[in-house]
Structure formats: C-alpha cells, structure tokens
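Colleague: Just passing along the structure, written as structure tokens.
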Amino acid sequence: MQDIANLLFEAGMLKRTPRTGLQFLGSGSESVAEHAFRVAFIGYVLGQLEKDADAGKIMKLCLLHDLPEARTGDLNYMNKKYVRVDEEKAVRELTETVPFGDDIKQSIEEFNKMETQESLLANDADQLELILMLKERKDLGNKYADEWISYAMKRLKTAVAIELAKKIIETDSTQWWFKDKSNWWVNGGDSRFK
C-alpha cells in the first residue's frame with residue numbers, strides 16, 4: 001500500500017504542474033490535472049458518439065496520458081525542439097512498484113502509438129481539449145488563438161472529432177450559461193423584481 005500511496009501523491013503533483021504552452025499564447029493558465037480532467041471527459045463523449053469504441057478504455061487512456069509529466073513536467077512545442085524527455089524511463093519508474101503498473105504502462109504506450117481506434121479517439125480528445133481552451137481564449141480576445149486552433153485541427157484523426165471541433169469553433173464559449181436572455185439576468189431569479 002505504501003507504493004500505491006506514493007503513486008497517488010505523485011498523481012496529485014499534476015495539480016501543481018503548469019501547462020507551459022500558455023506562456024507563448026500570452027493568456028490563461030492551466031495545470032496538467034485540469035487539462036487531463038477535460039480530456040478524460042471529452043474521451044467519454046467521443047466514446048459515446050463512436051458506438052463501436054470502448055468508452056471506458058478511451059477515458060482510461062485520456063486520464064493516464066500525461067501522468068509521466070508529474071516527473072518530467074509539461075514541455076510545449078518550443079521546449080520539445082531543444083529538450084528530450086526520457087518518458088519511457090519516467091513511465092517505467094512510476095509503474096514498477098505498483099501491482100497494476102503494467103496496465104498504466106500499456107495504456108500510456110497505447111495512447112502514444114495511436115494504433116487503435118480508442119487511442120486515436122483519446123489523442124483527438126487531447127487535441128479537442130486544446131481547441132476548447134483556445135476557443136475560450138479567443139472569445140476573451142486573444143489574437144493568437146486562431147492560428148493555434150488551425151494547427152490543432154490538422155492533428156485530429158477521426159471524423160467525429162473533426163465534426164465536433166468545427167462545432168466548437170463556431171460556438172461562443174459562454175453560450176451554455178448565457179443562452180437564456182430573460183429577465184433572470186437582471187433580477188437573478190428574484191421574483192420581487194419581475
């Protein structure tokens with residue numbers, strides 16, 4: 001149980017590990033854990049849309065894909081031009097002491113190889129999370145977000161993800177909560193002001 005407790009503390013490090021690409025975008029901040037949560041949720045959604053895919057497996061791949069960053073940190077595209085991370089070593093060392101380590105290792109390898117339908121959908125979930133974050137930044141006025149979105153779009157592999165990304169791009173990121181343009185926004189639901 002000690003090794004499992006250590007792994008859980010290590011996974012918690014992702015809450016304090018910043019996503020570094022945002023420093024180049026110039027606005028926003030996000031931890032690897034925040035990113036991984038929405039990636040896993042997107043994976044769930046893609047698994048529901050692709051009926052012949054294993055939604056649970058997609059979610060697992062999404063949840064685990066950035067776990068090595070607790071050891072390596074998050075390297076953005078500029079960093080990766082100059083720095084090489086030994087992710088294989090990080091994965092081996094973080095999984096070698098827990099009884100389910102092989103499952104974690106195999107899941108991360110499957111995600112990285114992109115050879116199965118589930119891994120393609122999980123990778124698309126990773127890109128869709130980036131596209132969602134960039135669209136939010138764009139809606140707040142970041143002038144660089146459009147160019148970043150165009151590159152992320154080119155990384156999508158599945159038809160369902162491409163279709164969803166197009167809808168994301170045309171949707172105002174505040175529409176889900178601000179679509180009711182009634183007097184509620186004036187009086188906050190207080191019936192005294194109707």
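The values are calculated or read from the model by the stated rules, or taken from the named source; none is laboratory data. Bear in mind that the values here come from a model prediction, so they are computed numbers and not experimental data. Positions of Cβ are generated from backbone atoms using ideal geometry, with glycine treated the same way; all protein chains shown enter the neighbour counts.
Colleague: Filter the stretch 113-152 down to the residues that are surrounded by fewer than 16 Cβ atoms within 10 Å (Cβ to Cβ) and among the hydroxyl-bearing types (S, T, Y) and list them by number.
Modeller: Y144, S150, Y151
Colleague: Further, regarding this structure: Taking into account only those residues within the stretch 71-117 that are under 17 Å from the mean Cα position of the chain (by Cα) and part of a loop (DSSP other than H, G, I, E, B), which is nearest to K57 (Cα to Cα)?
Modeller: Restricting to residues being under 17 Å from the mean Cα position of the chain (by Cα) and part of a loop (DSSP other than H, G, I, E, B), the top hit is M114.
Colleague: If K167 satisfies all but one of (1) more than 20 Å from F41 (Cα to Cα); (2) surrounded by fewer than 16 Cβ atoms within 10 Å (Cβ to Cβ); (3) at pLDDT 95 or above, what's the number of the condition it fails?
Modeller: Just one mismatch for K167, condition (1).
Colleague: Here is a check on your reading of the model: is L164 hydrophobic (A, V, I, L, M, F, W, C) and over 24 Å from M78 (Cβ atoms)? Reasoning before the result, please.
Modeller: On the way: hydrophobic (A, V, I, L, M, F, W, C): yes; over 24 Å from M78 (Cβ atoms): yes.
The answer is yes for L164.
Colleague: Same structure, new question: Among the residues of the stretch 99-111, how many are surrounded by 17 or more Cβ atoms within 10 Å (Cβ to Cβ) and either within 17 Å of Y151 (Cα to Cα) or of a type outside the set (K, R) (or both)?
Modeller: 6
Colleague: Quick check: anything in the stretch 123-144 in contact with a Cys (Cβ under 9 Å, 6 or more places away or on another chain), touching a residue at least 60 places away in the same chain (Cβ under 8 Å) and among the hydrophobic types (A, V, I, L, M, F, W, C)?
Modeller: Taking every residue of the stretch 123-144 in turn, at least one turns out to be in contact with a Cys (Cβ under 9 Å, 6 or more places away or on another chain), touching a residue at least 60 places away in the same chain (Cβ under 8 Å) and among the hydrophobic types (A, V, I, L, M, F, W, C).
Colleague: Condition first: closer than 16 Å to I131 by Cβ and of a type in the set (D, E, K, R). Now tell me which residues in the stretch 1-55 satisfy that.
Modeller: If the condition is that a residue be closer than 16 Å to I131 by Cβ and of a type in the set (D, E, K, R), then R19, E30, E34, R38 are the ones that fit.
Colleague: With the requirement that a residue be closer than 20 Å to G101 by Cα, touching a Cys at 6+ places or on another chain (Cβ under 9 Å) and either without any contact (Cβ under 8 Å) to a residue 24 or more places away in the chain or of a type in the set (K, R) (or both), what does the stretch 1-55 give you?
Modeller: none
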